[in-house]
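Asker: Below are the structure tokens for one structure; questions will follow.
Just so it is clear, none of the values below were taken in a lab; they were calculated from the coordinates. Bear in mind that the values here come from a model prediction, so they are computed numbers and not experimental data. Here the Cβ positions follow ideal geometry from the backbone for every residue, glycine too, while neighbour counts run over all protein chains shown.
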Amino acid sequence: MSKYQKTFEPLDLGFTQLKNRVIMGSMHTGLEEAKNGFQKMARFYEERAKGGVGLIVTGGIAPNFQGRTFPLAMQLSFPWQVKKHKLITDAVHKHDGKICLQILHTGRYAYSPFAVSASSTKSPISPFKARAMTKLEIRKTIFDFANCAKMAQKAGYDGVEIMGSEGYLINQFLCKRTNHRKDEYGGSYENRMRFALEVIRAVRKKVGENFIIIYRLSMLDLVDQGSSFPEVIELAKKLKDAGVSIVNTGIGWHEARVPTIATMVPRAAFTWISERVKKEIDLPIVTTNRINTPEVIEDILQNNQADLVSMARPFLADPHFLLKAQKDQAHLINTCIGCNQACLDHIFKNKICSCLVNPKACHETEFDKKSLREKKKVCVIGAGPSGLSCAIEAANLGHDVTLYEKSNEIGGQFNIAKEIPGKEEFHETIRYFKSMLEQEKVKIKLNTEVDLTYLQNSQYDVFIFGTGVIPRIPKINGIDHKKVLTYQEVLFQKKPVGKKVALIGAGGIGFDTAEFLAHDPNKQSDSLNKEEFFNTWGIDTEYQKPGALKPKSSPKAFREIYLLQRKTTKHGKYLGKTTGWIHRQSLKDLGIKMLGGVEYQGIDDQGLHLKTEHGNETLDVDNIILCAGQLSVNQLYEDFKNSDQRDTYLIGGAKLAEEIDAKRAIKEGVELAHSL
């Protein structure tokens, strides 16, 4: 019997039963609009159903044209569309899974000139101003929600989720921030929640009693003029009578300047609000956001904080998360690290969603395991992200793999990343890699630096070089001064650093190093502490005002830090699309000084000499940290390739060192393994 007993306890809804307490939450993948997208979505969702998910919720599907996220996005309104959706529902039902279609009307978040909302307002994340809906359009939209639900029922879905949070259309009707109407759909809260309740009632009437209706309730808007707690509860209490089967938790509008799912958010940071709402209503409550291990799930359920737990990205990272937990093999779970780099960042760039730690996510049809043509002896040099992913995948496919690493531990640059406050989840990826090396019987040789002669005399068929990167040393007078350190010496070797520091380079490495140096090395990272997180980002857990915001109380940096770059563009311009603003705001709140457009004149005992737009300046600092990029370590590869005819490959940072890119490195490793 699994030690996660509550997790695998069924939930009886009366007319149907969920086989466990875990939902795969809604997430747009980009497959919805892709060529052969339904076949790929069917394979994607089937893999998660096969992995034991009790209930899957699809990415958001519009109920009408105006509700689409962009003009060519998916909509379900017509009988001829039903057949394609049956590919998905049939695939999930084969594995005793259940699946609900999320009905999402984007309102003013539509990336389209046809956007409509409760009132004529413009969101800060869309270039188009929304037009206020007429009462006729409101009635038509309510009909469209119900019609969409009926189409979903005909397609074999077990239910629908009505998206009432994250700042989308229904949420826009609920809040004074976006609802300035003077008719029966505006003004008092009774009027503002009318649209939500009429949508639910219309859907229930259309689909009958034996159909799941989940309502995604915005419990914390995290924006000014959001809902108050009494308003949230007032709506919550009316949901059951309106026809709702399950209440899901929604946290934060997309325009909120508070991180809600990124890696620096503590695990289960928002379960407290689900628990408060659960005490007020008689419906199963789902909690969500930054829940990524079976231990956290079980703890939430055992403490009666929620009836169900929803996770989206953790099922990108590992589709068999629940099967592994049920078999007490949690150490084999590929844990979601909350990085957003291949999932949300891809979606906001109109690319197919995937996962940094599992590049096969949403690409299942491309990585279907085939019978091995020829078992090869594979030599992988370098146990960084690219080498690890390649070694594990190649062994899983049936090859005989040996992995060489010159240091005494695996992980490469991940051993640096895990030291950054807010990036502790990288410990989990290293743990996963270690477990999988053992599981796949990869032969590991640590503290072993191979040379050309050794490789030439070896009996391997294939040689894969993932030898990584070294810091780039810029050409600056005095660069060899004793004050100068590289980011590797600071983050990995833990060399002493003074109280006044200048960082040369403001890319991802510079931001990470600044974050590391800003924190007191004698204290546990604040990112692990929920109370510190709430204070730093101004989240009011007392919920005293609408939106649940309060003034921030950010700690000041442990050191005086200058983050410098030659470019005149904003610092961290190429950070993740959905997380870059968080990193910039975090450093700003810590009081870190960001200077751009500088020229480095030299380094001496006085410090770092600069030329800025204001003239010459000397920063009297104790240390200068080099974060100015990396260089590939690939000389051994070049020498071997030129001296031996056997198959030889270069991957990861050793192949391209422009910016440390674990997403590309892991993907290259997996793809190469499948090409052998």
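Asker: Using θ = phi - 60° and the Karplus curve 6.51 cos²θ - 1.76 cosθ + 1.60, what whole-Hz ³J(HN,Hα) does each residue of the stretch 641-657 get, with Gly and Pro shown as x?
Answerer: With the stated coefficients, the stretch 641-657 comes to 4, 7, 10, 9, 8, 6, 4, 9, 9, 10, 9, x, x, 5, 8, 8, 10 Hz.
Asker: Cβ under 11 Å from R646's Cβ, R646 left aside: what net charge do those residues give with Lys, Arg +1 and Asp, Glu -1?
Answerer: Net charge in that neighbourhood comes out at 0.
Asker: Before rounding to the nearest 500, sum -39500 (n - 2.57) across all DSSP H runs of length at least 4 in the chain and divide by the residue total; then give [θ] at 222 nm in deg cm²/dmol.
Answerer: My calculation for the chain gives -9000 deg cm²/dmol from helical runs alone.
Asker: Shifting gears a bit: Amide H of G629 versus every other amide H placed in the peptide plane: which residues, excluding those fewer than 5 positions away on the same chain, fall under 5 Å?
Answerer: When sequence neighbours closer than 5 places are left aside, the close amide H contacts are R472.
Asker: On to the next question. Put a dot 7 Å past each Cα toward the Cβ at N616 and K240; how far apart are the dots in nm?
Answerer: Taking the simple label geometry, K240 and N616 are separated by 7.7 nm.
Asker: Work out the charge dipole of the chain with +1 on the Cβ of Lys and Arg and -1 on the Cβ of Asp and Glu about the Cα centre, then indicate which of A132, N248, L222 is farthest towards its positive end.
Answerer: Sorting the options by dipole projection puts first A132.
Asker: Provide S435, S123 in ascending order of the number of other Cβ atoms located within 10 Å of each residue's Cβ, fewest first.
Answerer: S435, S123
Asker: Which aspartates and glutamates, on any chain, are close to K375 with Cα under 18 Å apart, when same-chain ones fewer than 8 places away are left out?
Answerer: The qualifying aspartates and glutamates are E393, D400, E440, D461, D647, E671.
Asker: To the nearest 20 debye, what charge dipole does the chain have about its Cα centre, counting +1 at the Cβ of each Lys and Arg and -1 at the Cβ of each Asp and Glu?
Answerer: The calculated dipole for the chain is roughly 1980 debye.
Asker: Further question: Applying 1/(1 + (r/R0)^6) with R0 = 60 Å to the Cβ-Cβ distance of E280 and N447, what FRET efficiency is obtained, to the nearest 0.05?
Answerer: The calculated FRET efficiency here is 0.55.
Asker: For an R0 of 30 angstrom, estimate the FRET efficiency from the Cβ-Cβ distance between H93 and N36 and round to the nearest 0.05.
Answerer: After rounding to 0.05, the efficiency reads 0.90.
Asker: With point charges of +1 on the Cβ of Lys and Arg and -1 on the Cβ of Asp and Glu, referenced to the Cα centre of the chain, which listed residue (T89, S407, G547) lies farthest in the positive direction of the dipole?
Answerer: T89
Asker: Would you mind checking the tilt of helix 580-589 against the longest principal axis of the Cα atoms of the chain, expressed as 0 to 90 degrees and rounded to 10?
Answerer: Long axis of 580-589 versus the principal axis of the chain: about 80 degrees.
Asker: Here is a further query. With a 10 Å radius around each residue's Cβ, average the other Cβ atoms per peptide and rank 70-76, 534-540, highest first.
Answerer: Those peptides, ordered most packed to least, come out 534-540, 70-76.
Asker: If you fit an axis through the alpha-carbon atoms of helix 662-675 and take the longest principal axis of the Cα set of the chain, what angle between them do you get, 0 to 90°, nearest 10?
Answerer: Between helix and principal axis, roughly 90 degrees.
Asker: Tell me which aspartates and glutamates have Cα within less than 14 Å of K50's Cα, excluding those fewer than 8 residues away on the same chain?
Answerer: D90, D96, D318, E364
Asker: If you don't mind, another one. For each of F511, F348, F15, count neighbouring Cβ atoms within 10 Å of the residue's Cβ, then give the residues from fewest to most.
Answerer: F15, F348, F511
Asker: Now, a different point. Using a 7 Å offset from the Cα along the Cα-to-Cβ direction at both E184 and K545, what is the distance between the two label points in nm, to one decimal?
Answerer: 3.5 nm
Asker: Have a look at C336, A394, W80 and report the one farthest towards the positive end of the charge dipole of the chain, computed about the Cα centre with Cβ charges (Lys/Arg +1, Asp/Glu -1).
Answerer: It is W80.
Asker: Could you check the spin-label model distance between D605 and E531? Points 7 Å from the Cα along Cα→Cβ, value in nm.
Answerer: 4.8 nm
Asker: Neighbouring Cβ atoms within 10 Å as the yardstick, rank K129, K35, K150 fewest first.
Answerer: Taking fewest neighbouring Cβ atoms as first place, the list is K35, K129, K150.
Asker: Further question on the same structure: How much FRET efficiency would the formula 1/(1 + (r/R0)^6) give for E137 and R566, where r is the Cβ-Cβ distance and R0 is 56 Å, rounded to 0.05?
Answerer: Working from the Cβ atoms, E equals 0.60.
Asker: Still on this structure: For a quick check: with amide H placed at 1.01 Å from N, whose amide H comes under 5 Å from L610's, ignoring anything fewer than 5 positions away on the same chain?
Answerer: Residues meeting the criterion, in which the H sits 1.01 Å from N, are Q601, E617, T618, L619.
Asker: Sticking with this one: To the nearest 10 degrees, how steep is helix 135-154 against the longest Cα principal axis of the chain, on a 0 to 90 scale?
Answerer: Value to nearest ten degrees: 70.
Asker: Let me ask you something else. Quick one: go through the stretch 374-410 and flag any residue whose amide nitrogen is under 20 Å from the point 7 Å out along the Cα-to-Cβ line of Q645.
Answerer: Hits in the stretch 374-410 for Q645 at 20 Å: 376-379.
Asker: Can you give the extra length, in nm with one decimal, that the chain gains between K154 and Q459 once fully stretched, where that is 0.36 nm per residue apart less the Cα-Cα distance?
Answerer: Answer, rounded to one decimal: 103.9 nm.
Asker: Ordered by packing density, taken as the mean number of other Cβ atoms within 10 Å over each peptide's residues, highest first, how do 285-294, 613-622, 628-637 rank?
Answerer: Descending packing order for the listed peptides: 285-294, 628-637, 613-622.
Asker: What does the extension gain come out to for R201 and Q329, with contour length at 0.36 nm per residue minus their alpha carbon separation?
Answerer: Taking 0.36 nm per residue and subtracting the Cα distance, the gain is 41.7 nm.
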